[in-house]
Amino acid sequence: MRLLEYQAKSLFADYGIPIPKGLTSVDIEQGRKDAAVLGFPFVIKAQMAVGGRGKAGAIQKCQNADEFELKYPDIMQKVVKGEKTKAILLEKMADIKKELYLSLFLNRGKRCYTIIASGEGGVEIESVKNQIIHEVGLGNVDAKTAEEVGKQMGLKDKPLTQFIDILQKLAKITIEKEAELAEINPLAVLGDDSVVALDGKVIIDDNAMFRHDELRKFQEVSELEERAEKSGFSLVELDGNIAVVGNGAGLVMSTLDMLSDNGGKPACFLDVGGGATTETVYEALTLISKMKKVRGILVNLYGGIVKTTTVATAFIKAYDDKIIDLPVFARMSGAEADKSKEMLKGSRTKMFDTIEEAINAAVIEMNKNG
Amino acid sequence: MVDLFELLIGKEGDKDYKKKPVIVQGITGKFGAFHTQQMLAYGTNVVAGVTPGKGGQKHAGVPIYETMNEAVSATGAKISIIFVPAKFFLSAAVEALESGIKLLIAIPEHVPVKDALTIVDLAKKKDAIVVGPNTPGIIIPGIIKIGIMPASPFKEGRIAVISRSGTLMYEVSHNLSVANFGQSICFGIGGDPINGAPLIQAFDTIRNGANIDGIVVVGEIGGDAEEMLAQHIIDTKFDKPVVAYIAGRAAPKEKRMGHAGAIVYGNYGSAESKVSMYAKANVPVAKRPAEVPMLLAGKFEKGRIK
């Protein structure tokens, strides 16, 4: 789960990491009240789970009430890289002397947490120069390590002291909240030599959420995603018109790749998990029926232990119950494939022996309908 | 480090050669119970199960114990497979490693990263191999199956398959079997961000196996395991044919694609990055699972001409 900037900053504040004064709203009425409390000038920041907001105009300075009336609605409507504005943070401007970069992340290759820091922040991590990289095991950062990192960044005196404190607190957040990433970029040294987190990005380990009820309030899932999760499925909604369903994340990703290679446009990634039963497939079809853009369904099931007839039963039931009336292009490997084909004769589900054939048929059919 | 093949097969003359005893943790759960029967049917020597509160009972003829300590002392098993829900994984895995288990197959999905890191640390101290979490397990066709994979895709042979994905491991192995490339071992490392045995370690535990003519690596987007493996292949001058597959080229960035580990941040974890590193290591990457045997055949062909 990726926290929005204001959510990450509220964690920072809880742990004593300094942040600028700011207020968050979801409509302009509240925004106006926030503006009055804060006082001009300030920065209007779109709250969305994506990088590159500044370049896209989703973060803008605001000098007075006239500007506010124009910019607030404009930023509220922004869509950056497919992500919509979820809320708006109004934040006091800071007198920045120097921008730094600081993050703690789960280093998968090394299987430990790792600090990345730089005396030159404020740009995306790929462009951060002079990166200082320091492995810290399960995430704990002692004062000595923090001081070393700060000195390597070129900090001294008051900013160094403050940095040491901030890094240790960021490490505490990472450990206690089970984050995969906790990033402050930029971390700014201000005119008075105080150090403040001007932005925040925190990604929490989804699998650890059962231990973090206190973070549930930040969780935002679409109705469909929530339903998918309840069934033990993984769902990612996409822009195309062919729903892609299969058992196993790798297999569904692979199907998505092949469909795209053939000019098809996936409407979703739906992994029903390793097994496949009549119930799971029926539930998957029910979910898909609620996605408006879907014109066809591509199914790739590696059966193995499962009989394909149990899956065929689900399709027939879904048509009978009028859950779906879409064409289905299915590849099901496993026992009793011939019997399944027989069962599905006359229905809108076509069964194929290979996924390549199923994809070809699906793409041709979608092109026919425009 | 412990030798994987010795653990799984043993040496000729061993009393339990090709019959290495296996313990099932969580044997009475729906999933554990079903797959215990499947493993027994394959010929795996499941000797004990553990479910607290059900000690003294039996499942499919297999005696159940209260604790791993009891199960291990009664059977001498060095291999265990865990089926408990993710929340209980940490304590089950600690119990297994503390009881002397040397090969732990961790089936559960949704294990928190922190718990996985804790087990990785403990396994190092205990000199044990942890496979998973979120793995289908390991199979040596014709000899032993410790996992949840169906038996049908696999055939005895001389190709090793290492996979980050379950069903893709079945799919690719099935394609290999049909093309007459049987498998000497299929090793599911798991779809999580933290693997007990990451790609490189899995590769190293099998690279010197007696029955391995070539290796197929089934990967996916996320992390940098494939990049590290490619560099490792170059550095260690591994000269047997290696062919790869990578799922997730068409996946959007910053979206978790089913597996906890399958997520791209910027260029970190992208398919392009993996393909270009593999190219440097002279490892061809298949566009689809069905292409894997063709690329492998091409590699063997080249080897013969050279």
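The values are calculated or read from the model by the stated rules, or taken from the named source; none is laboratory data. Small disclaimer: the values here were computed from a predicted structure and weren't measured. Here Cβ is always computed from backbone atoms with ideal geometry, including for glycine, and neighbour counts include all displayed protein chains. Note: accessible area is taken over every heavy atom of the protein model, side chains too, but ligands, DNA and RNA are not part of it. Shrake-Rupley method; radii C 1.70, N 1.55, O 1.52, S 1.80 Å.
Which value, in Å to one decimal place, does the Kirkwood hydrodynamic radius take for segment A:21-92 when every pair of different Cα atoms is included?
Every distinct Cα pair counted, the radius reaches 11.8 Å.
With +1 on each Lys and Arg Cβ and -1 on each Asp and Glu Cβ, and nothing else charged, work out how big the dipole of the protein assembly as shown is about its Cα centre, in Debye to the nearest 20.
Value, rounded to 20: 1080 debye.
Taking Cα centroids, how far is segment B:258-290 from segment B:95-171 in Å?
22 Å
Sequence-distant or interchain residues sharing an amide H contact under 5 Å with A:Tyr113, placed H: which?
A:Asn107, A:Val136, A:Gly137, A:Leu138, A:Gly139
Tell me which of A:Val26, A:Thr286, B:Phe203 sits at the most positive position along the dipole axis of the protein assembly as shown, charges placed on C-beta atoms (Lys, Arg +1; Asp, Glu -1).
B:Phe203
Per residue of B:260-269, count partner chain C-beta atoms within 10 Å of its C-beta, then hand back the mean as an integer.
Counting Cβ atoms of other protein chains within 10 Å of each residue's Cβ and averaging gives 3.
Assuming a viscosity of 0.692 mPa s and a temperature of 37 °C, what translational diffusion coefficient in µm² per second does Stokes-Einstein assign to the protein assembly as shown, Rh being the Kirkwood radius over Cα pairs?
Translational diffusion coefficient: 123 µm²/s.
Between the chain alone and the structure with every protein chain in place, find the residues of segment A:245-271 that drop at least 20 Å² of accessible area; heavy atoms, 1.4 Å probe.
Buried by the other chains: A:Ala249, A:Gly250, A:Leu251, A:Met253, A:Ser254, A:Leu256, A:Asp257, A:Met258, A:Asp261, A:Phe269.
Over chain A, with every protein chain in place, what whole percent of the accessible area is carbon and sulfur at 1.4 Å, could you tell me?
Carbon and sulfur: 50 percent of the exposed surface of chain A.
Solvent-accessible area per residue for the protein assembly as shown at a 1.4 Å probe radius, Å²?
With the other protein chains kept in place, the protein assembly as shown gives 41 Å² per residue.
Return the value, in Å² to the nearest 100, of accessible area buried between chains A and B (probe 1.4 Å, both sides summed).
Its buried surface, counting both partners, is about 4100 Å².
Please report, as a whole percent, how much of the solvent-accessible surface of segment B:4-131 comes from carbon and sulfur atoms (probe radius 1.4 Å).
So the carbon and sulfur contribution to the accessible surface is 53 percent.
Roughly how many Å is it from the Cα centre of segment A:186-204 to that of segment A:296-370, as a whole number?
53 Å
About its Cα centre, how strong a charge dipole does segment B:152-305 have in debye, to the nearest 20, once Lys and Arg get +1 and Asp and Glu get -1 at the Cβ?
So the magnitude is around 280 debye.
Please report Rg (one decimal) and Dmax (integer) in Å for the Cα set of chain A.
25.4, 79
Sorted by average packing, counted as other Cβ atoms within 10 angstrom per residue and highest first, what order do B:280-289, B:220-229 take?
With the highest mean Cβ count within 10 Å placed first, the list reads B:220-229, B:280-289.
If you restrict to DSSP beta bridges whose two residues both lie in the protein assembly as shown, what percentage is antiparallel, to the nearest 5?
50 percent
Name the residue from A:Asn247, A:Pro266, A:Asn300 whose Cα lies farthest towards the positive end of the charge dipole of segment A:247-315, charges +1 on Cβ of Lys and Arg and -1 on Cβ of Asp and Glu.
A:Pro266
Calculate how steeply helix A:278-289 sits against the longest principal axis of the alpha-carbon atoms of chain A, using the helix alpha-carbon long axis, and give the answer as 0 to 90 degrees to the nearest 10.
The angle comes out at about 60 degrees.
Quick one: Debye curve from the C-alpha atoms of segment B:4-131, no solvent, what's log10 I(q)/I(0) at q = 0.17, 0.18, 0.19 Å⁻¹?
-0.84, -0.94, -1.05
Taking H as built 1.01 Å from N, whose amide H comes closer than 5 Å to the amide H of B:Lys255, not counting residues under 5 places away?
Here B:Val264 satisfy the definition.
Using only Cα positions of segment A:96-216, each an equal point scatterer, no hydration layer, compute I(q)/I(0) via Debye at q = 0.16, 0.21 Å⁻¹ and quote the log10 values to two decimals.
-0.71, -1.17
Could you let me know the centre-to-centre spacing of segment A:58-91 and segment B:6-66, using Cα atoms, in angstrom?
Between the Cα centre of segment A:58-91 and that of segment B:6-66, the gap is 61 Å.
On C-alpha positions alone, give me the angle between the axis of helix A:143-152 and the longest principal axis of chain A, in degrees, nearest 10.
With both axes taken from Cα atoms, the answer is about 80 degrees.
Through the Karplus equation 6.51 cos²θ - 1.76 cosθ + 1.60, θ set to phi - 60°, convert the phi angles of segment A:174-182 into ³J(HN,Hα) values in whole Hz; use x for Gly and Pro.
Computed from phi, the couplings for segment A:174-182 are 4, 6, 6, 9, 6, 8, 8, 8, 9 Hz.
Would you mind getting the Kirkwood hydrodynamic radius of segment B:125-253 from its Cα pairs, rounded to one decimal in Å?
Mean inverse Cα-Cα distance, inverted, gives 14.7 Å.
Please give the direction-averaged projected area of the C-alpha convex hull for segment A:223-368, in square nanometres with one decimal.
7.5 nm²
Suppose each label sits 7 Å from its Cα in the direction of the beta carbon; what would the A:Asn130-A:Asp27 distance come out to in nanometres?
Placing both labels 7 Å beyond Cα along the Cβ direction yields 4.9 nm.
Dipole size in debye (nearest 20) for chain A around its Cα centre, Lys and Arg Cβ +1, Asp and Glu Cβ -1?
Roughly 340 debye, rounded to the nearest 20.
Nearest 10 degrees, 0 to 90: what angle lies between the long axis of helix A:65-76 and the longest principal axis of chain A (Cα atoms)?
It works out to around 30 degrees.
Can you work out ³J(HN,Hα) from phi for every residue in segment A:341-352, in order, using Karplus 6.51 cos²θ - 1.76 cosθ + 1.60 and θ = phi - 60°, giving whole Hz and x for Gly and Pro?
Each residue's phi maps through the Karplus curve to give 4, 4, 4, 8, 4, x, 8, 8, 9, 9, 9, 10 Hz.
Can you divide the C-alpha Rg of segment A:1-147 by 2.2 N^0.38 Å and report the result to two decimal places?
1.18
If you count only protein heavy atoms and use a 1.4 Å probe, how large is the accessible surface of A:Arg216, to the nearest 10 Å²?
Answer for A:Arg216: close to 100 Å² accessible.
Counting only protein heavy atoms, what percent of the accessible surface of segment B:152-305 is carbon or sulfur at a 1.4 Å probe?
53 percent
Give me the log10 of I(q) over I(0) for chain B at q = 0.08, 0.09 Å⁻¹, as the Debye formula computes it from C-alpha points; what are the numbers?
Rounded to two decimals, the profile gives -0.33, -0.42.
Could you tell me which of the pairs B:Lys240/B:Lys302; B:Lys155/B:Lys237; A:Lys317/A:Lys350; A:Lys45/A:Lys86 are separated by over 18 angstrom between their Cα atoms in the structure shown?
Over 18 Å apart, Cα to Cα: B:Lys155/B:Lys237.
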